[in-house]
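First the structure, in the form of structure tokens, and then the observations on it.
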Amino acid sequence: MITRRKFLQRSSLLATTLAASKNGLLNAMPTTTMAMTSTTGAVATMPAALDVSTLPQFVDPLPIPEVAERQGYRPSPTDPKLSIPFYRIQAQSVVSKVHRDLQPTKFWGFGPSSPGPTFETRAGEPLLVEWVNALPNQHFLPLDRTLHGAEADKPAVRTVVHLHGAKTGPESDGYPEDWIVPGKSSLYHYPNQQDAAMLWYHDHTLGINRLNVYAGLLGAFIIRDGVEDALNLPKAKYELPLILYDRLLTHDAQLLYPVSPDPESPWVPEIFGNAILVNGKLFPYLDVEPRKYRFRILNASNARIYHLSFVNNASANNAAANNAPFHQIGTDQGLLPAPVPLTTLEIAPGERADLVVDFSEHRGAQLILKSDAFVVMQFRVSSGKVTDTSSLPPALRPVPKIPESQAVQTRLLTLDEYVNKSGNPVMLLLNASHWKMPVTEKPVLGSTEIWTLINPTNDTHPIHLHLVRFQILDRQPYEPWLFKTKRQLHFLGPPEPPDPNEAGWKDTVQAHSRMVTRIIVPFEGFTGRYVWHCHILEHEDNEMMRPYEVIAAG
Ligand SMILES: [Cu+2]
């Protein structure tokens, strides 16, 4: 029997295979209506997803989100004598054309667009944001009332905003239960006392986070500092955010969020869309000059891991050897020690990558950004001579390795998946604990801990800790059954150090299947209640999230 998850994964695999066999550039989805039979024999049907391979590619220019506009100044909550910038951002219903030949799509956005406006901020310069819920009273995506926090007594439309990667007090972190209903707002304080990095803001509401983010409640937040300024990296119109997320669309171009065959419990374990949007557009193009560009990549997808490469139009069908080389200069939490040369970037939901791509070798050519067999976007390189005064310095920012001896505590934490008799996942947990169970992780402020993430499942889970930044120590294959039955960690190979492009400050780590992934985490900044969770949003919404609490030294 084909399980629900296998069906969904195969659907996208099938799309990939179809595309590859066609010409390696097109994406396809089965165009028949999807019908799935549950164990009870009930049949759920979903409208067929639009086959986006029928659309012409590269007819829309890449949109660049507006820069967020300050509304004035307000007293700082930590120092009322100080006036700090104040922003007011409204979550609201928006319509947007994802492609020239499609009807406008309904989204929920921050302000008039999705993605929302990009915050441009500097380290050490705090600001206030009033996050307003101006959404309609009805949700337009399928709620699952059996999920924790989304029960029938909860309002359908709720939102709370988390600034992913921010070192923020707990009252401004967007705790998943701090949601507000339409007509209400929350005033959040962002101290920005941290290194230059691209953070991102998105909905984090308990039980409906996957739907609210899928609807479009997300945007970028850039922090800059003197170290970055001194590097003379490409800037202004040569530095652009590329915010990636995949969606399924109906034939009239509306968001399609798949449901399970059980009408009582429509939750699905992951979604994989065939339409990969960049800054909200499908198959956009960008005119570039033959020079260096800096791209701030964000994987804002619910579940898809991208494998990104830049390929020449002409060689798009050929092997990876034809991938244009590029450099990664930064990761989730800022600059790497040195640029890392790459030909493919793997990036999981929640992660960011700071890239420098040099188009000077591609004068007059067209490069395609691809992920596996999916076409993402096109770069049209002009042929005129240009002067590029920006640099790609050999050294960026030192990232001193935290010695393991600094850790005062090591926690073994499992990533757990539970399936029903048919093999369909029904729930995921962290350390076999539900959201509502008492807090078990209570690191002391100012201390360093090692978190050992033990993943017996068949999936990579991108694990994100709020408040903190951390370093990846290693990953090591292990024998899951021995750990499950006897709690013995029996390793099946040597520990593998993080890849060079992960060897910086991170806030989200890919915990791979059947591996033990160790991270070392200094708990700094604030005491209080935060969360850690899987950034596959379907997992997070179905219990793969736990509170943790930073406590004061005794
Ligand atoms: Cu997960």
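The values are calculated or read from the model by the stated rules, or taken from the named source; none is laboratory data. Owing to the predicted nature of the structure, the values given are computational and were not obtained by experimental measurement. Cβ atoms come from the backbone with ideal geometry, glycine included; neighbour counts cover every protein chain shown.
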Being in contact (Cβ under 8 Å) with a residue 24 or more places away in the chain and not in a loop (DSSP other than H, G, I, E, B) is the filter; apply it to the stretch 165-175 and report the residue that is nearest to PRO462 (Cα to Cα).
PRO170
Residue pairs, Cβ under 7 Å, 6 or more apart or interchain, first in the stretch 458-471 and under 20 Å from LEU336 (Cα atoms) and at pLDDT below 95, second among the basic types (Lys, Arg) and assigned to a strand (DSSP E or B). List them.
none
Take the residues in the stretch 407-447 that are of a type in the set (A, V, I, L, M) and part of a loop (DSSP other than H, G, I, E, B); name whichever of them is farthest from MET545 (Cα to Cα).
LEU445
Identify, by number, the condition in (1) of a type outside the set (D, E, K, R); (2) at pLDDT 95 or above; (3) away from the ligand (no atom under 16 Å from the Cβ); (4) surrounded by fewer than 18 Cβ atoms within 10 Å (Cβ to Cβ) that ASN431 doesn't meet.
(3)
Wholly enclosed strands (runs of 3 or more DSSP E) of the stretch 55-164 bearing at least 3 residues among the polar types (S, T, N, Q):
83-96
Do the conditions hold for PHE272, that is, is it at pLDDT 95 or above, on the phi > 0 side of the Ramachandran plot and buried (at least 19 other Cβ atoms within 10 Å of the Cβ)?
no
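So which residues in the stretch 508-549 are assigned to a loop (DSSP other than H, G, I, E, B), under 21 Å from LEU473 (Cβ atoms) and within 13 Å of the ligand (Cβ to nearest atom), if there are any at all?
Of everything in the stretch 508-549, those that are assigned to a loop (DSSP other than H, G, I, E, B), under 21 Å from LEU473 (Cβ atoms) and within 13 Å of the ligand (Cβ to nearest atom) turn out to be HIS512, SER513, HIS535.
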Filter the stretch 216-233 down to residues that are out of contact with any Asp or Glu (no Cβ under 8 Å at 6 or more places or on another chain) and either surrounded by 22 or more Cβ atoms within 10 Å (Cβ to Cβ) or over 26 Å from ASP79 (Cα atoms) (or both), then give me how many there are.
9
Being surrounded by fewer than 20 Cβ atoms within 10 Å (Cβ to Cβ), among the β-branched types (Val, Ile, Thr) and in a strand (DSSP E or B) is the requirement here; does VAL356 meet it?
no
Is it true that SER265 is at pLDDT below 95, in a loop (DSSP other than H, G, I, E, B) and surrounded by fewer than 18 Cβ atoms within 10 Å (Cβ to Cβ)?
yes
